[in-house]
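Notes for the one structure printed next.
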Amino acid sequence: MNELLMHKEQVNEQLARYGVKFGIYKNGVFHERLFPFDPIPRQIGRDDFSLLEKGLRQRVMALNRFLSDIYGKKEILRDGIVPEEFVYRSPGYLAECEGIQPPESIYSHISGIDLVLGKDGVWYILEDNLRIPSGASYPLIARALCRNCSPNTFRRNTVQDNRNYGAMLKEVMDHVNRGGINVIFTPGRYNAAYFEHSYLAEQSGAILAESADLFVDQQVLYYRTSQDPVRIGAIYRRVSDEYLDPLCFEPSSLIGIPNLMDAYRAGNVAILNSPGNGVADDKGIYYFVPKMISYYLGEKPILHNAPTYLPYFREDMEYTLSHLGELVIKDVAEAGGYGVVFGCDLSEEELGNLKETIQKEPRRFISQSVIDFQELPILEDDGQQVMRKADLRAFVLSGKDTVVWPSGLTRFSRNPDSFVVNSSQGGGFKDTWITVSQ
Amino acid sequence: MDYGLSITKISHLFWLGRYAARVDATLRYLIGWYDTMLDGKPIDYQGFCRSLDIPCPYTNPHNFMRRYIFDKKNPDSIRSAAEFMLGNGMVLRENIGSNTLSYLQMAVYAMDNASVSVNPGLGFQRVCDLMMAFTGSCDVYIDHLGIRNMIKCGSMVERISLYLSFGYPDEQLRKAVDELILYTDHLSLLVSMDLNALSILQIQKHLLDQGRGITISRYDMKHADESLFQL
């Protein structure tokens with residue numbers, strides 16, 4: 001491992017060479033930055049990972065069933081497992097998707113599940129991302145570059161290869177493809193995750209396209225070329241639901257494809273991930289995922305949620321208000337590390353204001369016990385190692401089978417006092433190794 | 001196997017070729033000026049700007065060399081051309097490949113390094129080396145003939161334009177026009193072309209082949225060259 005650390009500078013040079021960047025808008029201006037990489041990988045033993053794999057597959061299978069149910073028969077609502085209000089008032093619920101059966105009944109093809117490892121050695125799920133989870137490209141390219149910079153490290157450590165992500169993605173796209181080419185649909189060059197869009201297109205052999213390159217005719221989606229249009233069978237969209245089709249959702253969207261939803265509804269194209277998935281990764285719905293697992297699969301949840309309270313329920317409201325200073329409060333409508341408040345960071349006055357807001361809008365918030373999660377070592381520029389909070393985004397791909405990518409994006413906070421690891425908040429990333437004992 | 005490409009991508013390929021050639025050709029041209037300036041000899045930077053039809057806000061030769069080459073905020077600078085080159089390349093990653101793209105990224109870094117170096121000439125050499133590596137990588141590693149030739153068409157259009165502006169000898173111009181016509185003949189991508197402009201270039205090439213000079217003004221020749229592709 002020390003050898004890899006000695007090559008930190010070379011790895012960073014390589015990352016710069018390949019333009020491994022992410023974008024961020026500050027005051028309306030687009031800035032592109034190299035994504036800070038730490039060469040010390042998170043290591044997960046094969047046995048631990050097997051358990052994680054089982055739990056993640058179970059969770060994603062239940063979430064896919066939930067989505068199929070919500071936009072179909074709604075049995076989980078009828079049976080009172082999930083209150084209707086949590087579904088119909090969720091900003092992620094799209095009435096326009098009612099009754100649509102996606103190809104192969106898969107809704108969440110690429111799921112990004114955020115976990116942390118507690119100091120008690122237990123993995124806790126923090127969040128499900130079923131819309132357009134990003135981040136797989138970073139450990140994917142970092143692994144290739146680290147192997148190049150420090151081959152001995154990989155001779156001496158048996159690490160499960162993660163460089164098959166592009167092939168896995170292609171398999172998923174091919175499985176749901178309705179006839180035609182695979183396309184990755186990007187909002188464009190100035191999107192925060194543009195590097196990822198272009199790199200995954202290269203790795204999966206899909207065509208990277210923007211809205212101007214795509215059109216729908218007679219309920220069929222086409223790629224517009226200088227010659228004949230080419231039919232598209234699967235579109236891995238990296239555009240949010242609301243901007244996807246201006247004739248169905250936000251009419252002012254300039255980055256969408258008019259009538260895409262018509263082609264989708266007619267079953268002529270697979271959209272990865274399906275529109276409307278936001279209803280299942282809503283922070284409020286998160287509370288009910290263990291119940292979904294029991295309901296749909298008849299199994300006990302393998303992975304744990306962080307202890308969560310819904311102020312919507314009277315008991316939980318009372319608990320939240322009386323323990324506000326110890327809890328983390330999350331606005332269910334926010335993402336990317338925004339809308340997260342730690343009670344312990346607030347003044348008395350701020351706590352009072354927050355209490356008032358929660359009482360006024362109980363559905364808008366969840367509260368969670370602060371999990372004391374394990375820190376990981378980070379190599380500083382001066383060569384010292386320091387400990388920082390880190391999470392793991394695991395990627396679960398659902399195609400013919402539901403499989404977990406044997407790696408993941410480990411994000412860490414660069415601020416010693418912060419739990420927030422998002423890149424948009426200044427965090428960095430590590431590779432995630434699944435190690436096999438020799 | 002060649003597949004169709006969107007007009008947007010074809011346009012990016014063309015402009016990638018143009019900007020890459022601009023960075024390479026103008027830098028090579030100005031490397032000589034650096035040497036000239038060491039002996040305190042004058043350089044005609046105003047004439048240079050006139051020939052390229054760009055504004056000349058530069059106050060003296062040193063100011064010109066600094067700002068025309070390195071200034072990121074100057075839209076006419078070589079550094080800006082390098083940024084546009086990279087911008088066009090970035091949206092073509094899956095078409096040209098990450099390895100080929102990486103030479104463009106490195107060329108931009110090399111320009112920035114040269115700007116703070118005491119011997120920028122060496123930095124320019126590095127940029128030009130990387131531009132050659134990019135060209136070689138396009139030749140060897142891009143299987144799609146249409147993609148390759150579109151980049152080359154862009155590159156030759158730019159070179160012809162610059163050669164005409166800089167008053168390069170006819171022989172060099174003949175070779176460049178020769179190549180451009182060859183690439184247009186083998187362009188598998190369907191692109192809208194100005195046939196009048198193509199005819200002018202073909203006739204001039206024929207005359208140059210016969211050892212005769214260009215029969216129209218360099219301005220008209222440049223116009224024909226730059227309006228050949230309707231992108």
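At-a-glance table
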| read-out | value |
| --- | --- |
| Efficiency of FRET from Cβ geometry, residue A:254 and residue A:353, R₀ 41 Å, rounded to 0.05 | 0.65 |
| Peptides ranked, highest mean first, by Cβ atoms within 10 Å: ranges A:170-183, B:82-95 | B:82-95, A:170-183 |
| Spatial separation of Cα centroids for the stretch B:193-231 and the stretch A:251-323, in angstrom | 62 |
| Kirkwood Rh, angstrom, chain A [1 / mean 1/r, Cα pairs] | 22.6 |
| Rounded Å value of the spacing that divides the Cα centres of the stretch B:98-177 and the stretch A:381-423 | 39 |
| Furthest towards positive pole of dipole, B:211, B:101, B:57, structure part the stretch B:7-226, Cβ charges | B:57 |
| Partner chain coverage, peptide B:96-105 - average Cβ within 10 angstrom | 3 |
| Separation of the residue A:34 and residue B:190 label points, Cα + 7 Å toward Cβ, nm | 4.4 |
| Net charge dipole size for the stretch A:307-369 [Lys, Arg +1 and Asp, Glu -1 on Cβ; Debye, nearest 20] | 280 |
| Residue A:54-residue A:314 pseudo-label distance in nm [points 7 Å out on the Cα-to-Cβ vector] | 4.0 |
| Listed residues B:67, B:174, A:42 arranged by accessible area, highest first, probe 1.4 Å | B:67, B:174, A:42 |
| Distance-filtered residues of the stretch B:26-52 - backbone nitrogen under 12 Å, label point 7 angstrom along residue B:118 Cα→Cβ | none |
| Hull volume in cubic angstrom per residue (convex hull over the Cα atoms of the stretch A:307-369) | 72 |
| Cysteines (scope the protein assembly as shown) whose Cβ has no counterpart Cys Cβ under 4.7 Å | A:97, A:146, A:149, A:248, A:344, B:128, B:138, B:153 |
| Part-to-part distance (alpha-carbon centres) for the stretch B:1-46 and the stretch A:220-245, which is given in Å | 34 |
| Rough spin-label spacing in nm, given labels placed 7 Å along Cα→Cβ, for residue B:206 and residue A:384 | 7.7 |
| Contour minus Cα-Cα distance for residue A:363 and residue A:122 (0.36 nm per residue) | 83.9 nm |
| Computed over the stretch B:7-226: relative contact order in percent, which uses C-alpha pairs under 8 Å that are six or more apart | 25 |
| Chain B, Cα convex hull volume normalised per residue, Å³ | 123 |
| Label-zone membership for the stretch A:38-55, site residue A:158, 7 angstrom Cα→C-beta point, backbone N under 12 Å | A:46-47 |
| Kyte-Doolittle mean at least -1.0, axial Cα span of 27 Å or more - DSSP H helices of chain B | B:7-38, B:120-141, B:145-166 |
| Extension gain from residue A:342 to residue A:227, taking 0.36 nm per residue of separation minus the Cα-Cα distance | 35.8 nm |
| Probe 1.4 Å, protein heavy atoms only - accessible area per residue of chain B in square angstrom | 45 |
| Normalised convex hull volume, the stretch A:343-409, alpha-carbon set, Å³ per residue | 176 |
| Alpha-carbon spread of the stretch B:122-231, three principal axes, descending order, Å | 38, 38, 24 |
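The values are calculated or read from the model by the stated rules, or taken from the named source; none is laboratory data. Only a predicted model underlies this, so the values are computations on that prediction, with no experimental measurement involved. Every residue, glycine as well, gets a Cβ built from its backbone with ideal geometry; the counts of neighbours run over all protein chains shown. Accessible surface areas use protein heavy atoms only, side chains included; no ligands, DNA or RNA. Shrake-Rupley method; radii C 1.70, N 1.55, O 1.52, S 1.80 Å.
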